[in-house]
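The structure is given below, and queries will be raised subsequently.
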Amino acid sequence: AGRISINLVQCRPLQVKSGGNRVKIPDVPPADRVLEAHGAVIGQSRSETIDRVLFVDPARYGQLPLQERYQVARLIGRILRYEEGVPTGRILLIGPGRWGTTTPSLGIPVNFSEVNRAAVLCEVVAMRDGLVPDVSLGTHFFNELVENDVLYMALFPGAEGNFLNEDFLRGAPNRFLEILPGEAALADTIRVIDRASIPGAPLLVLNADTPAQKVMCHLERPSGVPRTKGGLQ
């Protein structure tokens, strides 16, 4: 009586690179914040400019039938291989549930070879009303994330220290149909936002402080450029 039994579900070696550096998270007006995550960050601290954001809309993805969810995964791979105007390794992926799952009801069933050009993966803990997927914490391809120095984070909408600027992500110019002109049916599900196409030509800056478990991605505007709701002019 009073004994505790623990069942170990998964066990794998954890490769750790040197690090532990701190990065200052700036104080940014809410309208210029693209995302904030707090509490589930894996990877090295960093401060860098993002050139492209690929956003899979959780609400729309959650309504797709099974086969179209596989199609979304394949299209993501094609988009990340489209290099025109976007340096390799400066891409932020934001999507619902688990990146790399084999069960599309729980997330996006990509292979690592389809997302290995991304610098940052963000799993949003939301799908649609009534369904909140568990996140993977990067376990589907954890060693690959470490080897490729990819930053992973989970974002919990509504939780303290977490924020997703959906007004900006849904309102910014979308290059999806320019890259994949034959895939109009999914143009509202997958949004491709290039920094260079954002009105006002702001920088898109990501700061990650892993020891503090905090990440922020925000618009950094040239002096004299006004801010408006949602981060757009």
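Quickly rank 149-158, 114-123 as a protection proxy: mean count of other C-beta atoms within 10 Å, highest first. Display every interim value, and only then the final one.
Numbers: 149-158: 20.1, 114-123: 23.6.
The most tightly packed comes first, giving 114-123, 149-158.
May I ask you to compute the full-extension gain from residue 147 to residue 8, defined as 0.36 nm times their residue separation minus their alpha-carbon distance, rounded to one decimal in nm?
Taking 0.36 nm per residue and subtracting the Cα distance, the gain is 47.5 nm.
Separate question: Show me, for segment 144-150, the HN-Hα J-couplings you get by feeding each phi into the Karplus relation (A = 6.51, B = -1.76, C = 1.60, θ = phi - 60°), rounded to Hz, glycine and proline as x.
5, 4, 5, 4, 9, 6, 8
Using R₀ = 22 Å, calculate the FRET efficiency as 1/(1 + (r/R₀)^6) where r is the Cβ-Cβ separation of residue 159 and residue 24; round to 0.05.
Approximately 0.50, to the nearest 0.05.
Return the sequence-ordered ³J(HN,Hα) values of segment 189-202 in whole Hz as given by the Karplus equation 6.51 cos²θ - 1.76 cosθ + 1.60 applied to θ = phi - 60°, using x for Gly and Pro.
Working through the residues one at a time gives 8, 10, 10, 10, 10, 9, 3, 5, 9, 6, x, x, 6, x Hz.
Further question: Students often check this: by mean Cβ neighbours within 10 Å, which of 21-28, 159-166 ranks highest, and how do the rest follow?
159-166, 21-28
Still on this structure, please answer the following. With r defined as the distance between the Cβ atoms of residue 44 and residue 68 and R0 fixed at 41 Å, what FRET efficiency is calculated, to the nearest 0.05?
Efficiency for this residue pair is about 0.70.
Next up: HN-Hα J couplings of segment 47-56 from phi, Karplus 6.51/-1.76/1.60, θ = phi - 60°, integer Hz, Gly and Pro as x?
Here the 3J(HN,Hα) series is 9, 7, 8, 9, 9, 9, 10, 10, 10, 9 Hz.
Please list, in chain and number order, the residues 5+ apart from residue 100 or on another chain whose amide H is under 5 Å from its amide H, with Hs placed from the backbone.
108, 110
Now for a different question. Find how much the distance from residue 196 to residue 82 grows on full extension, using 0.36 nm per residue of separation minus their present alpha carbon separation; answer in nm with one decimal.
Extra length from residue 196 to residue 82 when fully extended: 39.5 nm.
Any read-out appearing in this document is the output of simple, stated calculations on the displayed coordinates, not a laboratory observation. Keep in mind the model is a prediction, meaning the values are calculated, not measured. All Cβ positions, even for glycine, are placed from backbone atoms using ideal geometry, and neighbour counts span all protein chains on display.
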